[in-house]
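Below is one structure, written out as structure tokens, with a few remarks after it.
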Amino acid sequence: MRVDEISQNLDTNIDTGLSHATAEDRLRKYGYNQLEEKEGISPFVLFLGQFNDFIVWILLAAVVISGVLGEWIDALAIVSIVVINAVIGFTQEYRAEKSLEALQKMATPFSKVMRNGEMHSISSRNIVPGDVVLLEAGDYIPADGRLCSSFGLSTQESSLTGESTPIEKFTEPLPNPSLSLGDRENMVFMGTSVTSGKGTCIIVTTGMQTELGKIAGLIQEAGKEVTPLQHKLEVFGKKLVYLCLGIVAIVFLLELWRKDPLLEAFLVSVSLAVAAIPEGLPAIVTIALALGVQRMVKRHVLIRKLPSVETLGCTTVICSDKTGTLTQNEMTVKKIFANSKTVDVSGTGYAPVGDFTINGTPLSETDERFVKLVLGIGILCNNAHLKKDHSAWTVLGDPTEGAILSAAAKVGLWKEDLQKTFPFASEIPFDSNRKKMSIVTKTPHTSLLVCVKGAADVIVKDCVKIYTNGELRDLSEDDVNVIVNKNNEMAGDALRVLGIAFKPIDPEAINPAPGIVEKDLIFAGLLALIDPPRPEVKDAVNTCHKAGITTVMITGDHKNTARAIGEELGFLGNEVKVIDGMELDTIPDEILEKLVSQVAIYARVSAEHKLRIVKAWKKQGAIVAMTGDGVNDAPAVKEANIGISMGITGTDVTKEASDMVITDDNFASIVAAVKEGRGIYDNIKKSIHYLLSCNTGEILTMLFASICNLPLPLFPIQILWINIATDGLPALALGVDTIDPDIMKKSARRSTENIIDKSLGALIIFQGFLIAVSTLFAYLYIFYDTRNENPGHLYSWFLHELIPCFSGARLFGDLERARTVAFSVMVVSQLFQSFNCRNANRSLFEIGVFTNTKLLLAAGISLAMQVAIIYIPYTRHIFKVVPLGLQDWIIVFGFSSLIFVVMEIIKWYKRKGV
Ligand code: ATP
């Protein structure tokens, strides 16, 4: 069908699009433009899954055995514990699942849609048949559409047809109705992307009716991604299970050897296995990751691929674009070089208010004519719109182009007025590799007018003539030198310089190729724009340097502009270099690998250069984060360890290729993300450290007690309770602890580092040992206390009582009270340990007791639970405890704080560097 037939059939208008009301009606009728998603895992299945665990089966077997032997209280208590554990596990996993889903939803793409005669950026979900959508290089096509205009538009359709070379698109009707998808050259399809050019289309089908929708069932997305850490923990967890089972088996045999009843030995061993295996760990890791990622959203960072959170913490090099990332991307024309003179332009922002002067004096009539010529071409070759919102002037579109509109308005030139005389005919869109763009306009005469703007050094090479001093003449070598020097001078003042050129052409060339339009041009002048650096970037660069992270600027802009901005932001150290794309072309890859560490700024680069730079850094063993916005940047972004796309200026294709999106395009947000990445990893490490040290404490307590032939200090049901009271909440609170303020003063972690290295492993065993020692000593202390009228010194008790117990001598005292005290010391010392885990070197009092209120709350709840089961008569019976007096609690807290005091002293020594 012809375009007019399509627009008639779909009751739309290709110039103004649908009205808002019609669009809403159609949304109700056709539904959202989305593919039907796979159903998420049901909460019921997730809950049942909690019971599908080897250890839980053993526990359930224990329940049956206890029941058969008539131990009803034990059986019921274990069942309750299993259910409570399942509920906790379920809540953690459900929360983890939900936060992951929420993250996926955040990444919904937007499209440029014409509604009510105005261009809007709307969520692609809301697109309906009949919508008129603007497509530009790098955009994802949101639904199936029929093209109504195409300026060199090509699309990449491999996701649909398997064909990887871009397909050029046209608007003409096609005669054969049964063409295959790949040959339907006037159609664009959902899920494919624009590789180059520009165009508009009328949407014909949305959602499941699109070609992609028809095959959606076949391409169900791949399984959930696990991060390298999660994978390592999975492997580690399995080894840990075997280790725990081994130790538990030893405890079991020792109990049998002591001739304890078989059931008791069995229950103790099973409970110990349950307590020792940190089954909540995977969920805690997921929650810490997911919550960290949600926190990042507030810092303008959207993580697209979860594993990148870990890699972020290892980043050693950040390669960043300049425009918009290091600078504000709020341009203002400051100088114009026209008629061989430099004109100063006053005014700030986009408000069209300002004066034009040469050395402080207003322009002559002739000079003003030349300035108007340069700005006139600048606004015809322009796709931006200048708008007044309330009292502020804003720009819709590219800020560089907006600044030109504003400068032109200062001399009374408005695009809409000029376009009445010079209506748009065709366009060769801007491309950051070509670094220029052209627009062909009609004129009041028969000829057409070509208006070109682009990087000054590129434009000057395309010119053969110059229009100056009222005459059109050939461009001499001297002219070129003057222009190049002017360009260098203005760029040295951190200005972005654009060259402006034009030429008349024959009317036949209405839709011509770049090779014809953009050559043999007439040079009109230069426009120099200021783009101030973002104020927060200097500090961010400084933070990077302290954190051992190298910062590199990679820009399409001029070498001098880049150097000037780089100098201001602290990019340039003493021995680092600035090189440009042309020099880079002469350097082979092997040399570049050796050179990269000395280059802080790359100017006038193209997308391929970016790829070479990433590869060279990676060869040096660096972990590279690389930003990108244009469609051509996608390969480099993909190649980088952390590919970063820009939320505002980034194209869909680059976003898709990236690991994370910076929603405010700001370099400082990248640094904030690295900090968060380091913090998240650190917090996960704290949780793991805490869980493993506490579990080691439980195992060692029972092992030592068995070896020393002591009556068991803890009942199975008590061990199971400790697992509930101390494992869940404090570990979770550590997983979301505040980030160590010094985290960016350390150098990056190696990506190959094990989360539990040798020193942490040793510390875990040492702390587990301390917990076991406190528990056992408290236990024996009560024994001794009740047996002896004169308690005497701890020293004599140790010598006379502890040593004989190795020889099999039994202690007989108030066993129940001693057990309750041991049970409480085990719980409370673990709570003390949770505060130790907050920082490996700094004292709790230095980091602030109240800086993690969640941990305080968690510890408070765990303690309250422990106190409750001791004093509630009913639970007292179940947990086989006796009420403790004040003196007992003093003993409990005294022994429990041992681990805290010892660790504080060790930390103090470490800080002193002793
Ligand atoms: P960065 O890569 O740091 O974002 P950049 O914005 O300068 O820097 P590009 O967008 O690739 O990089 O632009 C390259 C050059 O093209 C610019 O330095 C400028 O001279 C020119 N240029 C930029 N925008 C336009 C435009 N809209 N029209 C014509 N030329 C442009």
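The values are calculated or read from the model by the stated rules, or taken from the named source; none is laboratory data. Owing to the predicted nature of the structure, the values given are computational and were not obtained by experimental measurement. Reconstructed Cβ throughout: ideal geometry from the backbone, glycine too, with neighbour counts over all protein chains shown. What goes into the accessible areas is simple: the full protein's heavy atoms, side chains included, and nothing from ligands, DNA or RNA. Shrake-Rupley method; radii C 1.70, N 1.55, O 1.52, S 1.80 Å.
A protection proxy built from the mean count of other Cβ atoms within 10 Å ranks the segments 79-90, 149-160, 740-751, most packed first, as 149-160, 79-90, 740-751. If you wrap the range 302-368 in the convex hull of its Cα atoms and look at it from every side, the mean projected area works out to 8.1 nm². Phi angles across the range 5-17 convert, under the Karplus curve 6.51 cos²θ - 1.76 cosθ + 1.60 with θ = phi - 60°, into 3J(HN,Hα) values of 5, 4, 5, 5, 4, 8, 6, 9, 10, 5, 8, 10, x Hz, Gly and Pro given as x.
Could you work out the mean projected area of the convex hull around the alpha carbons of the range 266-316, in square nanometres to one decimal? Present the calculation step by step, with values, prior to reporting the outcome.
Numbers: hull surface 19.8 nm².
It is 5.0 nm².
In µm²/s, what is D for the range 332-530 at 25 °C and 0.890 mPa s, where D = kT/(6 pi eta Rh) by Stokes-Einstein and Rh is the Kirkwood radius from Cα pairs? The estimated diffusion coefficient comes to 146 µm²/s.
Of the solvent-accessible surface of the chain, computed with a 1.4 Å probe over protein heavy atoms with every protein chain present, carbon and sulfur atoms account for 59 percent.
Surface analysis of the chain yields an accessible area of 44 Å² per residue, using protein heavy atoms and a 1.4 Å probe. Across the chain, Cα-Cα pairs more than 50 Å apart make up 38 percent of the total. Membrane-span-like helices of the chain, defined as complete DSSP H segments with a Cα extent of 20 Å or more along the helix axis and a mean Kyte hydropathy of at least -0.5, are identified as 54-68, 72-106, 228-257, 262-276, 281-298, 365-380, 667-707, 716-735, 758-787, 815-836, 853-871, 898-912. Note on the range 378-430: semi-axes of the ellipsoid equivalent to its C-alpha gyration tensor, largest first and rounded to whole Å, are 19, 14, 9. Pairs exceeding 28 Å between alpha-carbon atoms, taken from LYS618/LYS745; LYS387/LYS465; LYS298/LYS577; LYS98/LYS538; LYS387/LYS503; LYS638/LYS686: LYS387/LYS465; LYS298/LYS577; LYS98/LYS538; LYS387/LYS503; LYS638/LYS686.
Ordering 866-872, 417-423 by mean Cβ neighbour count within 10 Å, with the highest value first, yields 866-872, 417-423. Here is how the number arises for the chain: DSSP H runs of 4 or more residues each give -39500 (n - 2.57), the sum is divided by the residue count, and the result at 222 nm is -15500 deg cm²/dmol.
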